[in-house]
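I'd like to ask you about the structure that follows.
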Amino acid sequence: MKPKILSWNVRGLNDPNKRLKVKNLLRDWKADIICLQETKLKFIDRYIIRSLWNCPYAGWTTIVSKGASGCILLMWDKRVVNFMEDYVGEFSLACSFSNVDDDFVWGFAGVYGPNDDSSKKLLWDELAGLCSWWDIPWCIRGDFNITWFPSEQSGVSNMGSAMADFSALLSDLDLMDLPLAGGDFTWSNKRVWSRLDRFVVSLSWETHFPNLCHKRLPRLCSDQFPILLDCGGLQEGCRYFKFENKWLEVDGFVEKIRSWWTSYQLTGSPSFVLAGKLKALKNDLRKWILEIFVHIKDQGDKLFTELQQLDEREADMTLSFGDMTRRIVVLAELEKIHSWRKTRGGKNHGPFG
């Protein structure tokens, strides 16, 4: 069971509608460990966690916001990793985990870096102390608010002192940067592009997870791209069947249910007949889902691919006015597809699921 780790600067989660959008995306991406930066939430409880992630086995810890910005939220699936210990710093939030399948002990740290260079030195000291305190393999991820090289920011050609300090830290801690698939940059204000977000790991951690896939996901709900680190893939077990309220909006759905129900001819006690009919109805519904909704998943996948291509054109400064208009249409279409995910929790067999 190899975990999938997602990190994303979400730029605020106080709006319930935005939390719902993020929840739908997290459901699509199927991560096992989720680190969200800059949630701007001053209070987080079980209700907030459920409004963000539909995992019923979620553990979590957080640094709450002290002002208009900040806050890191770290969540994990208890079926994949066992929580051992946590550390709450000024700019980082760390946990030590052991894998459920092989008892491998490792550390994860989520980072939200400060903007000013003097405070960045405090972050570097914080990370150095953390790695020294827990002498275990490390995976560190977050928005460092600094690039490693000038080439990672548009319009920059010189190596600044903050970049040099960041590079020295990674070298001193023997942390390796992972190549990023899906694009070179992770943040943009439409004028400047930078790679502010990254995963860095120790050699011993990378050795344990040799089949890593580190990729940039489409940018939605934020000016920063989500980053997913797939450590090898998680085999999905049996999913519980769940009725989706959105099915009721499909023309002819109620009549189809009535037709199926009356077609089941069973004999026996009332409870036996009821159980048998419900089982048969569940099987027919599953077949119907595959037949009717498979095109929605295909449509969503195509739209995500198109959105990634538009983001790449924007990064290359080749985005035309027509492309900008098309991006608005693509986002609107994705919003329609995600509206099918607005159900009352549980696993979903609809778009992307």
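Since every read-out is calculated from the coordinates, none of them should be taken as a lab result. This structure is a prediction, so every number in the text was calculated from the model and none was measured. Counting neighbours? That spans all protein chains shown, and the Cβs are built from the backbone with ideal geometry, glycine included.
Using the Karplus equation 6.51 cos²θ - 1.76 cosθ + 1.60 (θ = phi - 60°), what ³J(HN,Hα) coupling, rounded to whole Hz, does each residue of the stretch 140-155 give in order, writing x for Gly and Pro?
10, 8, x, 8, 7, 6, 7, 8, 7, 10, x, 5, 8, 9, 5, x
Within a 10 angstrom radius of the beta carbon, how do 186, 147 rank from fewest other beta carbons to most?
With the sparsest Cβ surroundings first, the list reads 147, 186.
Something else now. So what's the angle, to the nearest 10 degrees on a 0 to 90 scale, between helix 270-315 and the longest Cα principal axis of the chain?
It works out to around 40 degrees.
Treating only the Cβ of Lys, Arg, Asp and Glu as charged (+1, +1, -1, -1), what charge dipole size does the stretch 4-230 show about its Cα centre? Round to the nearest 20 debye.
So the dipole magnitude of the stretch 4-230 works out to roughly 1360 debye.
Which one of 20, 33, 158 is farthest out on the positive end of the charge dipole of the chain, using unit charges on Cβ (Lys, Arg +1; Asp, Glu -1) and the Cα centre as origin?
Final value for the positive-end residue is 20.
For the residue pair residue 253 and residue 47, what label-to-label distance in nm results when each label sits 7 Å from Cα along the Cα-to-beta-carbon direction?
2.8 nm
Which order results if 35, 71, 213 are arranged by neighbouring Cβ count within 10 Å, fewest first?
Ordered by Cβ neighbours within 10 Å, fewest first: 213, 71, 35.
Still on this structure, please answer the following. Give me the distance in nm between label points sitting 7 Å out from Cα along the Cα-to-Cβ direction at residue 86 and residue 280, one decimal.
5.0 nm
Against the longest alpha carbon principal axis of the chain, how many degrees, from 0 to 90 and to the nearest 10, is the axis of helix 117-133 turned?
Relative to the chain, helix 117-133 is tipped by roughly 70 degrees.
Between 6, 328, 278, whose Cα lies farthest towards the positive end of the dipole of the chain when Lys and Arg beta carbons carry +1 and Asp and Glu beta carbons carry -1, centred on the Cα centre?
278
Measure nothing fancy, just the Cα-based angle from helix 161-172's long axis to the longest principal axis of the chain, in degrees from 0 to 90, nearest 10.
70 degrees
Test of understanding: ordering 191, 50 by Cβ neighbours within 10 Å, fewest first, what list do you get?
Fewest-to-most Cβ neighbours within 10 Å comes out as 191, 50.
Next question. Between residue 320 and residue 64, with labels modelled 7 Å along Cα→Cβ, what's the label distance in nm to one decimal, could you check?
5.2 nm
Hey, another quick one. Please find, in a Gaussian network model of the chain (springs between Cα atoms separated by less than 10 Å), the residue of 110, 142, 182 whose mean-square fluctuation is greatest.
With Cα springs under 10 Å in the chain, the top fluctuation among 110, 142, 182 is at 182.
Also, quick follow-up: Identify which of the listed values of volume of the Cα convex hull per residue in Å³ was calculated from the structure shown: (i) 153; (ii) 136; (iii) 214.
(i)
Quick one: net charge around residue 122, please, counting Lys, Arg +1 and Asp, Glu -1 for every other residue with C-beta under 12 Å from its C-beta.
-4
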